[in-house]
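Structure, as structure tokens:
The values are calculated or read from the model by the stated rules, or taken from the named source; none is laboratory data. No experiment lies behind these values; they were computed from the predicted model shown. Backbone-built Cβ (ideal geometry, glycine too); neighbour counts: all protein chains shown. What goes into the accessible areas is simple: the full protein's heavy atoms, side chains included, and nothing from ligands, DNA or RNA. Shrake-Rupley method; radii C 1.70, N 1.55, O 1.52, S 1.80 Å.
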Amino acid sequence: MPHRIFGGIHPAARKENTRRKPLMLLDAAPLRVFIPLDMSSGSVPVPVVRVGDHVGIGQMIAQADDEEGTSVHASVSGVVEVIQPHPFPWGGMASTVVIANDQRSSLCPNPLPPLPPETVSQEEIMARIQAAGITDMGRDASPAQWKISRARGRVDTLIVNAAESDPYVTADHRLLLERGQMILLGTRALAQVLGINRMIIAVEGDKLNAAESLERRMLRRGLRVELRILPSRYPLGGEKQIVQAVTGREVPPGGTALDVRCVVFNVAAAFAVGEAIGKGRALTHRAVTVSGGAVARPRNLWVPIGTPLKDLVEAAGGFREKPELLLLGGPMSGIALRDLNAPVIKNTNSLLCLAAWERPAQKKAATCIRCGQCVSACPMHLAPIFVHRALRIQDQKQLRRLHPQDCMECGCCSYICPSHIPLVETMRAARTALSEEAVL
């Protein structure tokens, strides 16, 4: 049975514009793709192509030196034009391989062969995941093989996270509906390489059609995968929250899912593993939701990694009005985007173009009324308003007692605060203050 997570809120879902729209290819393939070398939280891979080389889809263009890095592959066929810094979606510039698309969609000369799921070994799965350049594709962009290595022998439960609790975003929902076979294959492969039998796919209750589709596939194939339907509640998609909702185990402060014998992979990562095993495909494409009141035609798109974000806007009919805010990710925890020339990367699940009328009116912060709503809404058992007070009077001792470093910046406190106090910014500033104190 599902367990209740601590805190959380119920923001308006706003998924109606895309939840019934299937994954579609771009109307016009990108003329160039801009593939950053560094798309994971691990080490930066080294380019193995040179300017002027012709590459095919799935060909490795940068190779990781160790298991803490992730190899990078061409997502279109064409010629390597240049390797240089280019705008990065998280901000700043990053070393990027630019490939001019020849529009032929040619595969690389030596594609990876499919592996037979019935007889594949743990070593073969691990090697294939590393060769395919797979990362976890939620907020955590850790290299998949590194995450597996750390979890082996320490976990008894694999959780595939398909909660997708952020408003607007429906990319994972469409993956569940349209590509469930590969998700199940990837889930089974992940469990096998981890050496465990318990596999759970966690889905929110607003995706019942996707859950039913998966259930039919599992029954036909006789797969022993648990399917958990969880009550919709933000931020259920967080690692600690999904572990608690599924197993009832509480991840300790400063800890990870491994501390309670669980490992969590995003459903898009499970799909990528299934594609790598069943079809021999490297991670070159991903599902992206393009939505918001500023775009003319919200859609779910299947796009090559490295596609400029401006191409996604064009595929969604362009802007029908000037966007007030551009976000990568959901409106609660997404990253503000400053440059639409930045590309889609491995963990880009959505591009939101919000109109002015979609954003709540900016109100001046008032005095705290001590209602306690920020405390009850915090999924990490923190007291944001007390952190706000300690930071304002510069009480470092009290700040340390309040553990602002455990904040996951989900935005629940700011959303719920009737006095409009910018509590997320407060928690971020408090964390910075403590880290600077530690350095001193």
Mind listing whichever residues of region 105-115 are in contact with a strand residue (DSSP E or B) (Cβ under 8 Å, 6 or more places away or on another chain) and in a loop (DSSP other than H, G, I, E, B)?
Ser105, Ser106, Cys108
In region 143-167, the residues that are hydroxyl-bearing (Ser, Thr, Tyr) and open to solvent by less than 10 Å² (accessible area, probe 1.4 Å)
Thr157
Of the residues in region 179-199, those that are crowded, with 21+ Cβ neighbours inside 10 Å and in a strand (DSSP E or B) come to Met199
List the residue pairs whose Cβ atoms are under 9 Å apart, where the first residue sits in region 36-60 and is touching a residue at least 12 places away in the same chain (Cβ under 8 Å) and of a type in the set (Ser, Thr, Tyr), the second is open to solvent by 60 Å² or more (accessible area, probe 1.4 Å) and part of a loop (DSSP other than H, G, I, E, B), and the two are 6 or more positions apart or on different chains.
Ser40/Glu68; Ser41/Glu68; Ser43/Asp65; Ser43/Asp66; Ser43/Glu68
Could you check region 335-369 and list, in sequence order, the residues that are open to solvent by 70 Å² or more (accessible area, probe 1.4 Å) and without any contact (Cβ under 8 Å) to a residue 60 or more places away in the chain?
Arg359, Pro360, Ala361, Gln362, Lys363, Lys364, Thr367, Ile369
Gly133 meets each of (1) open to solvent by less than 10 Å² (accessible area, probe 1.4 Å); (2) within 26 Å of Val260 (Cα to Cα) with one exception, condition (2)
Residue match in region 29-49 (condition: more than 20 Å from the chain's Cα centre (by Cα) and more than 23 Å from Phe88 (Cα to Cα))
no
Within region 380-399, is even one residue surrounded by 13 or more Cβ atoms within 10 Å (Cβ to Cβ), touching a Phe, Trp or Tyr at 6+ places or on another chain (Cβ under 9 Å) and more than 30 Å from Ala163 (Cβ to Cβ)?
yes
Got a number for residues in region 121-135 being part of a helix (DSSP H, G or I) and over 14 Å from Leu283 (Cβ atoms)?
6
I need the full set of residues from region 347-365 which are within 20 Å of Pro22 (Cα to Cα) and either assigned to a loop (DSSP other than H, G, I, E, B) or of a type in the set (D, E, K, R) (or both), in order please.
Asn347, Thr348, Asn349
Looking only at region 249-282, how many residues end up being in contact with a helix residue (DSSP H, G or I) (Cβ under 8 Å, 6 or more places away or on another chain) and closer than 26 Å to Met408 by Cβ?
22
Considering only region 136-153, I want to know if a residue exists there that is in a loop (DSSP other than H, G, I, E, B) and free of Cβ contacts under 8 Å to residues at least 40 places away in the same chain.
no
Would you mention how many residues in region 63-93 are over 13 Å from Ile134 (Cα atoms) and assigned to a strand (DSSP E or B)?
11
Has region 172-185 got any residue that is within 13 Å of the chain's Cα centre (by Cα), touching a residue at least 40 places away in the same chain (Cβ under 8 Å) and under 19 Å from Met39 (Cβ atoms)?
yes
Would you point out which residue out of Val225, Val288 is modelled with pLDDT under 95 and of a type in the set (Val, Ile, Thr)?
Val225
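Taking the condition of a type in the set (D, E, K, R), part of a strand (DSSP E or B) and either over 27 Å from Leu175 (Cβ atoms) or over 22 Å from the mean Cα position of the chain (by Cα) (or both), does Glu118 pass? Break it down into steps so the answer makes sense when it comes.
Values: of a type in the set (D, E, K, R): yes; part of a strand (DSSP E or B): no; either over 27 Å from Leu175 (Cβ atoms) or over 22 Å from the mean Cα position of the chain (by Cα) (or both): yes.
So Glu118 does not fit the description; no.
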Contact list please: Cβ distance under 6 Å, first residue in region 8-33 and farther than 17 Å from Val313 by Cβ, second residue in a loop (DSSP other than H, G, I, E, B), pairs at least six apart or on different chains.
Gly8/Arg233; Gly8/Pro379; Pro11/Pro167; Ala13/Pro167; Arg14/Pro167; Arg14/Tyr168; Lys15/Thr170; Arg19/Thr170
Here's a check for you: in region 308-324, which residue that is closer than 12 Å to Gly292 by Cα and acidic (Asp, Glu) is surrounded by the most Cβ atoms within 10 Å (Cβ to Cβ)?
Glu324
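For Glu204, indicate whether it is on the phi > 0 side of the Ramachandran plot and crowded, with 18+ Cβ neighbours inside 10 Å.
Details: on the phi > 0 side of the Ramachandran plot: no; crowded, with 18+ Cβ neighbours inside 10 Å: yes.
No.
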